[in-house]
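**Student:** Below are the structure tokens for one structure; questions will follow.
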Amino acid sequence: MNQRIAIHDSDMEHLGKSYKFPNYALMKISAWHKSQGDTVEWFMPCYGHLYDKVYSSKIFDCYRAIRISTKNERIKVS
């Protein structure tokens with residue numbers, strides 16, 4: 001069964017357009033899910049309840065933790 005997967009780059013959320021570093025962890029997760037036939041898209045909070053899984057990652061640790069809600073669970077990203 002195909003799943004709807006969301007990826008969330010926490011660094012991009014805080015740094016915006018000045019953020020220039022690719023998040024290789026999210027790229028690898030996205031590639032794997034696409035090879036399995038899943039739909040992968042950027043996380044949109046207003047559609048959080050529609051995703052089957054949400055992956056969030058950050059490279060820098062100087063930002064506060066956030067909470068993401070999905071249809072199945074609540075995830076804390078630190």
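**Student:** Rank these for me by crowding, ILE59, ILE7, ILE29, going from fewest to most other beta carbons within 10 Å.
**Tutor:** Ordered from fewest to most neighbouring Cβ atoms within 10 Å, ILE59, ILE7, ILE29 come out as ILE59, ILE29, ILE7.
**Student:** What is the fewest-to-most order of SER10, SER57 by other Cβ atoms lying within 10 Å of their Cβ?
**Tutor:** Going from least to most buried by this count: SER57, SER10.
Throughout, read-outs are computed from the coordinates displayed, never taken from laboratory work. Keep in mind it's a predicted model, so treat the numbers as computed, not measured. We place every Cβ from the backbone using ideal geometry, glycine too, and count neighbours over all the protein chains shown.
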